[in-house]
Every structure is written in C-alpha cells, then in structure tokens.
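Remarks on the structure that follows.
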Amino acid sequence: MMLNKPTNQLAKKSMLSQSGLGMVEVLVTLFILSIGLLGVASLQFVGSFSNADALNRTQAVFVAQQFSERLNANAMSSDATDGFVVDNNYFDDEIYNFGNLTCAVTDASPYECHCKAHPAAIANCQTGDCNSAELAEFDGYQMSCAAARNNPNAQISLTCTDKDLGDTDLCSAGSIHEVIVSWPVRNWQGNERVLNSACNTTPTDSNDCVVVEVAL
C-alpha cells in the first residue's frame, strides 16, 4: 500500500527547487537599461542642437526680411541715374553690429549694453525728423538690435553688387542688395555642415547665415 507524503513535505521540496535572479541576470538587466538611457540622452542632446539651429534661423529670416522691407520703404530717386537707390550711408560697415558704439560694461551682451535704452549717439527717427544718412544709421542700429536679441553672436551686414561703378551711388539703381544675417555654428556627432560661402570667407570660418537679395 502506497502512502502519500505529507503536504508540508511536498511544499518544502517545491520551494527548494525554485531559484531567484542571479548576479549575472541583474548585471545584464542594468547593462541593457543603461544603453537605453544613453540613447534617450543622445536624442535629447541632438534635439537641443536642432532646436537652437531652428530658432536662430527663424530669427535671422525675420530680421533679414524686415531689413529688406526697410530698404524698399526708404529708397529714394537717384540723382545720377533713373531709378531708386538708398543712401550711401547704408553701406558703412560701422553702423552695423554696434561698430559705432562703445559699451562701458565689458561682460554685458550686445543687446543688454546697447538696446535696452536708445543711445544718444544714434538719432532717434521714431521721435524726430531724420535725414537720409541718419535714417540709414538708425536702421542699422535697430536691425543690429533685432539680430542680437535672441542670439548675441548674430551679425548683420549689407553689401551690393553695383552695376555701375562710375556714378556716385555706392549701389546704383537696379543693383542687387544682399542682406546677410550670420551666426557661428559648430559640427556635432561627426556631421560636417555644408557652409554657405556668402558668410564664410576664410577656411577657418564656421558660420551659418540667411541671405536675402533686394533689387530696388
């Protein structure tokens, strides 16, 4: 006659036959988890760069378009030829990027230093009458502030492909004006940027830019 083992002995044998997670399983789990977290951190890093680039480009497009509209609004009849031109003072590099201003606080950003209050050296054409040269200087100042507002490293410039070098206009009627807003960039994760030659004149330059062409 076969006797059944006591119930408590069967339960004890079942418990002894089970085994928990070993150290190897724990280490493998931690390794897989760390790889996943590194992937998430990498995505966040790439996303932060992409967001910064997108913000800089959006702001640069806005500034360049606004400046081109000001050029059209402030164009005047040329004394030398038929057509419209802007004042020669617009092509003075000193009126852009606060080149004609000084800042008493050395560690302040350009916007904080020059744009919080209107400088006395620049005629305020919003509150008083300005001649064409003063208006050019005023536009250069305001557009420099707009460029530096969100990106302190942004630079703005105006150049001209003059179609008639024999007249007194630095940018003759019908010539192409180029508004350029540029800012420094760097490569990341081994990706080499294709740089625009309009804002990278030397091999050591690494700038991105927005270029808007205007013909008056």
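Restricting F84, F49, F62, F31 to those that are at pLDDT below 75 and surrounded by 12 or more Cβ atoms within 10 Å (Cβ to Cβ) reduces the list to F49. If you go through the stretch 114-127 and keep only what is of a type in the set (V, I, T) and either part of a helix (DSSP H, G or I) or loosely packed, with under 15 Cβ neighbours inside 10 Å (or both), you end up with just T127.
Please indicate, with yes or no, whether at least one residue in the stretch 134-151 is open to solvent by less than 40 Å² (accessible area, probe 1.4 Å), polar (S, T, N, Q) and in contact with a strand residue (DSSP E or B) (Cβ under 8 Å, 6 or more places away or on another chain).
Within the stretch 134-151, one or more residues are open to solvent by less than 40 Å² (accessible area, probe 1.4 Å), polar (S, T, N, Q) and in contact with a strand residue (DSSP E or B) (Cβ under 8 Å, 6 or more places away or on another chain).
The combined condition, being among the hydrophobic types (A, V, I, L, M, F, W, C), open to solvent by 30 Å² or more (accessible area, probe 1.4 Å) and in a strand (DSSP E or B), is not fulfilled by C130. Taken residue by residue, the stretch 164-176 has no member that is closer than 17 Å to V61 by Cβ and touching a residue at least 40 places away in the same chain (Cβ under 8 Å). Restricting the stretch 171-199 to residues that are in a loop (DSSP other than H, G, I, E, B) and in contact with a Ser or Thr (Cβ under 7 Å, 6 or more places away or on another chain), the residue that is modelled with the lowest pLDDT is R186. Taken together, N151, N56, N100 contain a single residue that is outside any helix (DSSP H, G or I) and closer than 15 Å to W183 by Cα, which is N151.
Step by step: first the residues of the stretch 87-97, then only those that are in a loop (DSSP other than H, G, I, E, B) and among the acidic types (D, E), then the one that is surrounded by the most Cβ atoms within 10 Å (Cβ to Cβ). Which residue is that? Taking the candidates together, the pick is D87.
Only one of the numbered conditions (1) buried (at least 18 other Cβ atoms within 10 Å of the Cβ); (2) within 24 Å of the chain's Cα centre (by Cα); (3) within 23 Å of D169 (Cα to Cα) is violated by N100, and that is (1). In the stretch 200-216, what residues are out of contact with any strand residue (DSSP E or B) (no Cβ under 7 Å at 6 or more places or on another chain) and open to solvent by 50 Å² or more (accessible area, probe 1.4 Å)? Residues satisfying the conditions are T201, T202, P203, T204.
The values are calculated or read from the model by the stated rules, or taken from the named source; none is laboratory data. Note that this is a predicted model, so its numbers are computed, not measured. Neighbour counts are summed over all protein chains in view; Cβ atoms, including those assigned to glycine, are modelled from backbone coordinates with ideal geometry. Heavy atoms of the whole protein, side chains included, go into the accessibility calculation; ligands, DNA and RNA do not. Shrake-Rupley method; radii C 1.70, N 1.55, O 1.52, S 1.80 Å.
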